[in-house]
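Enquirer: I am attaching a structure below and will ask some questions about it afterwards.
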Amino acid sequence: MADYTYYGLKKKTVAEMRAIAKGLDHEAIKGYSQLNKAKLLPALCAALGIEAHEHHEVVGGFDKAAAKAKMRELKAARAAALEAHDAVALKAVRRHLHSLNHQVRVHVR
């Protein structure tokens, strides 16, 4: 049996996935000829013993924990700026928070 991955199966057509299912004897893929791609993909993953989701890889040496700690500090500073009615400081803190949020999201891929 070839090595299949979730990503590799997801890229295949329904006909290719049904051809793979045809060669397998597993309870999860009974009636494979009637299944659409959305239902066939998790069934094939179960039959082949593959995790039915994509894994996200951390790119580079980004320290997510440090970014989250800095975000907690900035949230406290944001609350203080709101109390003091300091619009300039509030905008600066919000922009920094936005930047950190963006970095966390980008580095999860």
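The values are calculated or read from the model by the stated rules, or taken from the named source; none is laboratory data. Predicted, not measured: the structure shown is a model, and the values here were computed from it. We place every Cβ from the backbone using ideal geometry, glycine too, and count neighbours over all the protein chains shown.
Enquirer: So residue 71 clears everything in (1) modelled with pLDDT of 90 or more; (2) surrounded by 14 or more Cβ atoms within 10 Å (Cβ to Cβ); (3) not assigned by TED's automatic domain parsing to the domain that holds residue 102 except one condition, right? Which one?
Expert: (3)
Enquirer: Can you tell me which of 72, 94 is under 25 Å from the mean Cα position of the chain (by Cα) and basic (Lys, Arg)?
Expert: Exactly one of 72, 94 is under 25 Å from the mean Cα position of the chain (by Cα) and basic (Lys, Arg), namely 72.
Enquirer: A further question on this structure: May I ask you to verify whether residue 16 is part of a helix (DSSP H, G or I), in the same structural domain as residue 104 (by TED's automatic domain parsing) and surrounded by fewer than 16 Cβ atoms within 10 Å (Cβ to Cβ)?
Expert: It is false that residue 16 is part of a helix (DSSP H, G or I), in the same structural domain as residue 104 (by TED's automatic domain parsing) and surrounded by fewer than 16 Cβ atoms within 10 Å (Cβ to Cβ).
Enquirer: State the number of residues belonging to the range 1-26 that are of a type in the set (Asp, Glu) and within 16 Å of residue 50 (Cβ to Cβ).
Expert: Looking only at that region, the number is 2.
Enquirer: If you take just the helices (runs of 4 or more DSSP H) that sit entirely in the range 32-109, which of them hold at least 3 residues that are among the aliphatic types (A, V, I, L, M) and within 30 Å of residue 18 (Cβ to Cβ)?
Expert: In the range 32-109, 37-48 are the helices (runs of 4 or more DSSP H) which contain 3 or more residues that are among the aliphatic types (A, V, I, L, M) and within 30 Å of residue 18 (Cβ to Cβ).
Enquirer: Shifting gears a bit: Let me confirm something: among 32, 7, which residue is among the aromatic types (Phe, Trp, Tyr) and under 29 Å from residue 105 (Cα atoms)?
Expert: On inspection, the qualifying residue turns out to be 7.
Enquirer: Oh, and also: Restricting attention to the range 27-34, does a residue exist that is touching a residue at least 24 places away in the same chain (Cβ under 8 Å) and of a type in the set (Gly, Ala, Ser)?
Expert: No; the residues of the range 27-34 include none that is touching a residue at least 24 places away in the same chain (Cβ under 8 Å) and of a type in the set (Gly, Ala, Ser).
Enquirer: Please go through (1) touching a residue at least 24 places away in the same chain (Cβ under 8 Å); (2) touching a helix residue (DSSP H, G or I) at 6+ places or on another chain (Cβ under 7 Å); (3) surrounded by 11 or more Cβ atoms within 10 Å (Cβ to Cβ) for residue 53 and return the number of the only condition it doesn't satisfy.
Expert: Only one criterion in (1) touching a residue at least 24 places away in the same chain (Cβ under 8 Å); (2) touching a helix residue (DSSP H, G or I) at 6+ places or on another chain (Cβ under 7 Å); (3) surrounded by 11 or more Cβ atoms within 10 Å (Cβ to Cβ) is unmet by residue 53, namely (3).
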